[in-house]
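Reviewing the structure listed below.
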Amino acid sequence: MIRFCQLLTGGLILTASFSTCLGAQQRPLSEQVAASMDAHAIAQLVDSHYNRLHSLRANFTESYEGLGMSRAESGTLLLLKPGRMRWDYTSPAGKLFLIDGKFAWFYVRGATQVQRIPAKELDDLRSPLRFLLGHTQLDKELTGLQLAPTPAGHGEYMLIGQPKGQENRVRRISLTIVPGTGAIAAIEIEESDGAVTRFTFSGEETNVAIPDDAFKFTLPDGIPVVDAIPPV
């Protein structure tokens, strides 16, 4: 038995000037309320975008920095409601993270085992995207929700908050929102140990035809399944 999250490292935090958020604490109450309303309005825009979808395909890049390590990966993401998600990595090739609605599966080509854990017990840092597979309500998924401009500008905003249920592991999560559409262009997670994972998305296709078989994990010949231990 091993801990599933030990091999599924990831996280997100857009390096937006966090001082913008801290500065809000020093402003008059009326301005703080106005800023809060803006954050909730953007959150509702995101909710509206994803609640209209039943499927999504997008390219992703993933980077990780922390614990003396640095890593960059990329691939294709598939989402299909209800509750299914597939991360196919092309770099490195042969890495797969899949949620079939009941279990989460993780396998790397050439590995001696497949890891499996009930989806409801999953604590992988790709998990924040799972709220997109149901009825999205960011106000309920993230606490302390605040709004800040992205460092690069371009009219994009970041929603910054803390995902519920991961308070002991995640310090904050930032979602970069495409202006006017509510689509998420990037996610950044900062863990409590300072590690940072960033996901960026491109080429988003919505409500595309995705076969159910895409979310069926096929066990490689001769490879045993190990039931991973959920984190405490």
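Give me the residue from segment 195-229 that is farther than 21 Å from Leu78 by Cα and in contact with a Lys or Arg (Cβ under 8 Å, 6 or more places away or on another chain) and, out of that set, modelled with the lowest pLDDT.
The extreme case among them is Ile229.
Please specify each residue of segment 180-232 satisfying the condition of being under 17 Å from the mean Cα position of the chain (by Cα) and among the basic types (Lys, Arg).
If the condition is that a residue be under 17 Å from the mean Cα position of the chain (by Cα) and among the basic types (Lys, Arg), then Arg198 is the only one that fits.
Of all residues in segment 184-232, which are of a type in the set (Gly, Ala, Ser), closer than 26 Å to Tyr64 by Cα and without any contact (Cβ under 8 Å) to a residue 60 or more places away in the chain?
Listed by number, the residues that qualify are Ala185, Ser192.
Taking Glu167, is it surrounded by fewer than 19 Cβ atoms within 10 Å (Cβ to Cβ), within 17 Å of the chain's Cα centre (by Cα) and over 15 Å from Gln146 (Cα atoms)?
Considered against the rule, which asks whether it is surrounded by fewer than 19 Cβ atoms within 10 Å (Cβ to Cβ), within 17 Å of the chain's Cα centre (by Cα) and over 15 Å from Gln146 (Cα atoms), Glu167 comes out as yes.
Only residues that are surrounded by fewer than 15 Cβ atoms within 10 Å (Cβ to Cβ), assigned to a strand (DSSP E or B) and not hydroxyl-bearing (Ser, Thr, Tyr): list them for segment 57-100, please.
Met69, Arg71, Ala72, Ala93, Gly94
Determine whether Ala148 is modelled with pLDDT under 90 and in a strand (DSSP E or B).
Judged against the criteria, Ala148 is a match.
Given Val225, Val208, which one is surrounded by fewer than 16 Cβ atoms within 10 Å (Cβ to Cβ) and closer than 16 Å to Leu122 by Cβ?
One residue alone meets the criteria, Val225.
Tell me which residues, restricted to segment 161-183, are assigned to a strand (DSSP E or B) and under 29 Å from Val114 (Cβ atoms).
Correct list: Pro163, Val170, Ile173.
The values are calculated or read from the model by the stated rules, or taken from the named source; none is laboratory data. Quick caveat: nothing in here was measured; it's all calculated off a predicted structure. Every residue, glycine as well, gets a Cβ built from its backbone with ideal geometry; the counts of neighbours run over all protein chains shown.
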